[in-house]
Amino acid sequence: MYEVKNPTVMRKLLWLDFSAGSSAGLAALLFLGPLVQIFGLPDKLIIFISVVTLIYAMFSLYMATRKDLRANWLRMLVAANWLWVLISAILLLMFYQQATLLGGLFLFLQMPVVGALAYVEAAQLRRVRS
(Lines give C-alpha, C1' and ligand atoms only; values in the text may rest on other atoms or scores of the structure.)
Protein backbone atom coordinates (compact mmCIF):
# COMPACT_ATOMS: atom_id res chain seq x y z
CA MET A 1 0.00 0.00 0.00
CA TYR A 2 1.08 3.57 -0.64
CA GLU A 3 0.27 6.97 0.78
CA VAL A 4 0.90 10.54 -0.31
CA LYS A 5 3.77 12.11 1.66
CA ASN A 6 2.64 15.71 1.33
CA PRO A 7 -0.83 16.24 -0.16
CA THR A 8 -0.23 19.99 -0.65
CA VAL A 9 2.89 19.38 -2.72
CA MET A 10 1.20 16.59 -4.67
CA ARG A 11 -1.76 18.83 -5.52
CA LYS A 12 0.62 21.53 -6.76
CA LEU A 13 2.36 18.95 -8.94
CA LEU A 14 -0.98 17.77 -10.30
CA TRP A 15 -1.98 21.37 -11.08
CA LEU A 16 1.35 21.83 -12.85
CA ASP A 17 0.76 18.60 -14.78
CA PHE A 18 -2.71 19.80 -15.76
CA SER A 19 -1.56 23.30 -16.72
CA ALA A 20 1.37 22.13 -18.82
CA GLY A 21 -0.54 19.30 -20.50
CA SER A 22 -3.70 21.21 -21.27
CA SER A 23 -1.78 24.24 -22.55
CA ALA A 24 0.45 22.16 -24.81
CA GLY A 25 -2.38 19.96 -26.05
CA LEU A 26 -4.74 22.81 -26.82
CA ALA A 27 -2.03 24.94 -28.43
CA ALA A 28 -1.00 22.08 -30.70
CA LEU A 29 -4.60 21.51 -31.79
CA LEU A 30 -5.28 25.21 -32.32
CA PHE A 31 -2.13 25.71 -34.40
CA LEU A 32 -2.15 22.31 -36.08
CA GLY A 33 -1.77 23.61 -39.65
CA PRO A 34 1.31 25.72 -39.02
CA LEU A 35 2.82 23.09 -36.71
CA VAL A 36 2.61 20.42 -39.41
CA GLN A 37 4.81 22.65 -41.56
CA ILE A 38 7.11 23.80 -38.76
CA PHE A 39 7.60 20.32 -37.29
CA GLY A 40 7.57 18.34 -40.52
CA LEU A 41 5.35 15.77 -38.81
CA PRO A 42 2.05 14.24 -39.95
CA ASP A 43 -1.05 16.01 -38.68
CA LYS A 44 -2.40 12.73 -37.28
CA LEU A 45 0.71 12.32 -35.14
CA ILE A 46 0.39 15.84 -33.71
CA ILE A 47 -3.32 15.24 -33.06
CA PHE A 48 -2.54 11.89 -31.37
CA ILE A 49 0.09 13.45 -29.10
CA SER A 50 -2.23 16.37 -28.30
CA VAL A 51 -5.19 14.15 -27.42
CA VAL A 52 -3.06 11.89 -25.22
CA THR A 53 -1.61 14.97 -23.50
CA LEU A 54 -5.11 16.35 -22.90
CA ILE A 55 -6.27 13.02 -21.43
CA TYR A 56 -3.34 13.06 -19.00
CA ALA A 57 -4.11 16.68 -18.17
CA MET A 58 -7.76 15.95 -17.44
CA PHE A 59 -6.84 13.04 -15.18
CA SER A 60 -4.37 15.30 -13.32
CA LEU A 61 -7.10 17.92 -12.93
CA TYR A 62 -9.51 15.29 -11.64
CA MET A 63 -6.96 14.10 -9.09
CA ALA A 64 -5.97 17.65 -8.06
CA THR A 65 -9.58 18.58 -7.30
CA ARG A 66 -10.49 15.44 -5.36
CA LYS A 67 -10.95 15.78 -1.63
CA ASP A 68 -8.87 12.69 -1.04
CA LEU A 69 -5.76 11.86 -3.04
CA ARG A 70 -5.82 8.17 -3.84
CA ALA A 71 -2.26 6.91 -3.85
CA ASN A 72 -3.07 3.95 -6.09
CA TRP A 73 -4.54 6.26 -8.75
CA LEU A 74 -1.48 8.47 -8.46
CA ARG A 75 0.74 5.43 -8.94
CA MET A 76 -1.27 4.68 -12.08
CA LEU A 77 -0.64 8.25 -13.31
CA VAL A 78 3.10 7.87 -12.63
CA ALA A 79 3.18 4.53 -14.47
CA ALA A 80 1.25 6.04 -17.39
CA ASN A 81 3.73 8.93 -17.53
CA TRP A 82 6.67 6.50 -17.68
CA LEU A 83 4.84 4.60 -20.43
CA TRP A 84 4.45 7.87 -22.35
CA VAL A 85 8.20 8.45 -22.04
CA LEU A 86 8.75 5.07 -23.70
CA ILE A 87 6.14 5.77 -26.40
CA SER A 88 7.76 9.17 -27.02
CA ALA A 89 11.13 7.49 -27.57
CA ILE A 90 9.53 5.12 -30.07
CA LEU A 91 7.81 8.02 -31.87
CA LEU A 92 11.09 9.90 -32.03
CA LEU A 93 12.80 6.88 -33.60
CA MET A 94 9.93 6.43 -36.05
CA PHE A 95 9.69 10.06 -37.19
CA TYR A 96 13.07 11.72 -36.65
CA GLN A 97 14.11 11.41 -40.29
CA GLN A 98 11.11 13.30 -41.63
CA ALA A 99 10.91 15.80 -38.76
CA THR A 100 12.49 19.23 -38.94
CA LEU A 101 14.88 20.21 -36.17
CA LEU A 102 11.94 21.75 -34.25
CA GLY A 103 9.82 18.66 -34.84
CA GLY A 104 12.56 16.42 -33.50
CA LEU A 105 12.93 18.71 -30.52
CA PHE A 106 9.16 18.57 -29.94
CA LEU A 107 9.26 14.77 -29.94
CA PHE A 108 12.40 14.64 -27.82
CA LEU A 109 11.18 17.08 -25.15
CA GLN A 110 8.21 14.85 -24.39
CA MET A 111 10.63 12.47 -22.68
CA PRO A 112 12.42 14.70 -20.13
CA VAL A 113 9.34 16.81 -19.35
CA VAL A 114 6.99 13.88 -18.76
CA GLY A 115 9.77 11.87 -17.12
CA ALA A 116 10.49 14.70 -14.69
CA LEU A 117 6.81 14.93 -13.77
CA ALA A 118 6.66 11.17 -13.25
CA TYR A 119 9.76 11.30 -11.08
CA VAL A 120 8.64 14.14 -8.81
CA GLU A 121 5.11 12.75 -8.52
CA ALA A 122 6.49 9.31 -7.62
CA ALA A 123 8.75 10.94 -5.02
CA GLN A 124 5.60 12.16 -3.25
CA LEU A 125 4.41 8.59 -2.73
CA ARG A 126 5.69 6.30 0.01
CA ARG A 127 5.13 2.65 0.66
CA VAL A 128 3.27 1.92 3.88
CA ARG A 129 4.15 -1.26 5.68
CA SER A 130 1.10 -3.18 6.75
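Going by the conditions given, is VAL78 under 12 Å from the mean Cα position of the chain (by Cα) and either of a type in the set (S, T, N, Q) or closer than 20 Å to VAL9 by Cα (or both)? Yes.
Apart from one condition, ARG127 fits all of (1) under 15 Å from LEU13 (Cα atoms); (2) in contact (Cβ under 8 Å) with a residue 24 or more places away in the chain; (3) exposed (fewer than 14 other Cβ atoms within 10 Å of the Cβ); (4) among the basic types (Lys, Arg); the exception is (1). Evaluate the following for MET58: is it open to solvent by 30 Å² or more (accessible area, probe 1.4 Å) and in contact (Cβ under 8 Å) with a residue 40 or more places away in the chain? Yes: the conditions hold for MET58.
For segment 1-19, which positions are within 19 Å of PHE48 (Cα to Cα) and open to solvent by 50 Å² or more (accessible area, probe 1.4 Å)? Result: SER19, single match. When residues in segment 20-41 are screened for being in contact (Cβ under 8 Å) with a residue 40 or more places away in the chain and surrounded by fewer than 19 Cβ atoms within 10 Å (Cβ to Cβ), 3 of them pass.
The values are calculated or read from the model by the stated rules, or taken from the named source; none is laboratory data. All figures in this text were calculated on a predicted structure; none of them were measured in a lab. Don't worry about glycine lacking a Cβ; one is built from the backbone with ideal geometry, like all the others, and counts go over all protein chains shown. Protein only, heavy atoms only, side chains kept; ligands, DNA and RNA dropped before computing areas. Shrake-Rupley method; radii C 1.70, N 1.55, O 1.52, S 1.80 Å.
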